[in-house]
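Visitor: There's a structure below that I have some questions on.
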Amino acid sequence: MSTLPVPGWAERIAEGLGEGPHVVVAGISPSGHIHVGNLREVLVGEAVANALRARGEEVRFVFHADTIDPLRKIAPGIPESFEEFMGHSLSRVPDPEGCHVSYAEHFLAPFEEALREMEMDIEVLRSHELYENGVYTEVTREALEHTEELREILQEVTGRRMPEHWSPYLPRDASGKLTGHRILEHVPEANKVVFEDEDGFEEAADYSRGEGKLGWRVELAARWKALGVTFEPFGKDHTTSGGSTETADRMAREVFHYPVPGRYEYEWIGLKGRGDMSSSRGIVLLPKDLLRIMPPDALRRMVLGRDPSRRSDLELGEGFPRFMDEYRAEPGEPFVPFTHLVTVAQTVGEDVDAAAEMLRRGGYEEAARDREKLARDLAYARNWAEEWAPESMRLRLLSVEEAREAARDLDEEQRAYLAAVAEKLSPEMSGDEVQDLLYSTAVESGLKPKKAFAAVYTVLLGKKSGPKAGPFIAGLPFEMVRERFLV
Ligand SMILES: [Zn+2]
């Protein structure tokens, strides 16, 4: 579970919600990748659930995965042959890559795994199972009995005329399709509807057994009642005038006689320089991608931002080390600057002992003590360096041959300088001592420091600049440095 303090905005929402027990729900469709933008909705729910728990309320926190929803469009990267499954439940469409039991699971499973990795206290409910288990039976009957009122509300709010045979319920036909049917009769005592399919054949569906679903605007209001929802966050696409919350609010009050749950409207998040997160436009960043470069609580902090009712752009490039340092600095414990971890990780690879030694000599004794934590932090830093870091922060130690090649660009003074440093360098020097040595030798040789340091970086990294040289060199095996300084 998260150890972050409950944010102020979440506390204020919780204050506005009455006595419990509470059911907090986040609803997401697995019709495509469930990205970091969707995670924001879940995290808003989590923060409010935690705020309610903190005041002693009983809270059920639910992730309602809309697995029974019909396939409406083909997500980017899905074969066109999937056209044949249009209108079929996502839970009954095959996995486009063949690795999960269904299309829905293919997109849901990685997200669910990220939630587990974040140790989130959340129940993941699949809507097709809720329908199959009868959770929606009562509200479906109610909806069918009030078809005319529901249609009226839809028409008034959206300003659109509903088709003549509109029904709140979409029964599944023999081919698997949920859409395009005409309900002929409702038999409430048998939980059954009789309907005409597209080809004019008469079929029947039992709504207590998941043989269909409510249309999604009606389902939203019905779900509040069926699950006893008291709070649900929404993205701004739902809350616009004529949007799904406006119809659901009226349906809840006027048809289902259920109080409208507490609400919070969150804004989108984007990726700096890339625009809004969107599955349909292919700008997709999955929670699991970000858990490769930061711990769960840092991810919570980044995705929620200071105030989730405002837009925020995730900064995963140049500004990321500063974000990590602010996150690490908060508990007031000593920490290694992220840029330094990035240097260490790229220098030692996966050798945790070598990393610990490098950190010790760089003056970060404390941070090197907990090896397990160090191994995790190094992995974050290494993954970030490989996947997101700007070119200027990517390092690779040159081989001796490469160093010899690179040294051809140096002049006599610079070569003499490197040789002089190599002469005085000793294995037990700390980062600060090496830094002093590099400076004083430059002064003694009458070489400008900038030119001197450029020589150092050239033979080590093949670049004119790099991480702070003293701690970097102190962290490297002594012989390795000497060899390259004497090429
Ligand atoms: Zn799959």
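The values are calculated or read from the model by the stated rules, or taken from the named source; none is laboratory data. As the structure is a prediction and not an experimental result, all values here were calculated from the model. Backbone-built Cβ (ideal geometry, glycine too); neighbour counts: all protein chains shown. Just the protein is used for accessible areas: all its heavy atoms, side chains included, with ligands, DNA and RNA removed. Shrake-Rupley method; radii C 1.70, N 1.55, O 1.52, S 1.80 Å.
Visitor: List the helices (runs of 4 or more DSSP H) inside segment 209-305, counting only whole elements, that have at least 1 residues being open to solvent by less than 10 Å² (accessible area, probe 1.4 Å).
Guide: Result: 216-227, 244-251, 287-290, 296-304.
Visitor: Pick from E391, E330: which is open to solvent by 60 Å² or more (accessible area, probe 1.4 Å), within 16 Å of L461 (Cβ to Cβ) and at pLDDT below 95?
Guide: Values: E330 fails: within 16 Å of L461 (Cβ to Cβ).
One residue alone meets the criteria, E391.
Visitor: A further question follows. Please indicate, with yes or no, whether at least one residue in segment 62-85 is modelled with pLDDT of 95 or more and on the phi > 0 side of the Ramachandran plot.
Guide: Looking for residues that are modelled with pLDDT of 95 or more and on the phi > 0 side of the Ramachandran plot, one finds none in segment 62-85, hence no.
Visitor: Also, quick follow-up: Applying the selection to segment 79-137, what residues are among the hydroxyl-bearing types (S, T, Y) and without any contact (Cβ under 8 Å) to a residue 12 or more places away in the chain?
Guide: Once the filter is applied, which keeps residues that are among the hydroxyl-bearing types (S, T, Y) and without any contact (Cβ under 8 Å) to a residue 12 or more places away in the chain, segment 79-137 yields only S81.
Visitor: Ok, one more. Would you mind finding the one in R172, R126 that is among the charged types (D, E, K, R), within 16 Å of the ligand (Cβ to nearest atom) and open to solvent by 10 Å² or more (accessible area, probe 1.4 Å)?
Guide: Criteria check complete, one pass: R126.
Visitor: Could I ask something else about it? Please go through (1) open to solvent by 20 Å² or more (accessible area, probe 1.4 Å); (2) at pLDDT 95 or above; (3) within 42 Å of the chain's Cα centre (by Cα) for K468 and return the number of the only condition it doesn't satisfy.
Guide: (2)
Visitor: Looking at E198, is it without any contact (Cβ under 8 Å) to a residue 24 or more places away in the chain, over 29 Å from I269 (Cβ atoms) and more than 38 Å from the chain's Cα centre (by Cα)?
Guide: On the way: without any contact (Cβ under 8 Å) to a residue 24 or more places away in the chain: no; over 29 Å from I269 (Cβ atoms): yes; more than 38 Å from the chain's Cα centre (by Cα): yes.
Criteria not met by E198.
Visitor: Next question, about the same structure. Please go through segment 420-454 and give me each residue that is assigned to a helix (DSSP H, G or I), open to solvent by 40 Å² or more (accessible area, probe 1.4 Å) and of a type outside the set (S, T, Y), ordered by number.
Guide: Matches in segment 420-454: E423, K424, D432, E433, D436, V443, E444, P449, K450, K451.
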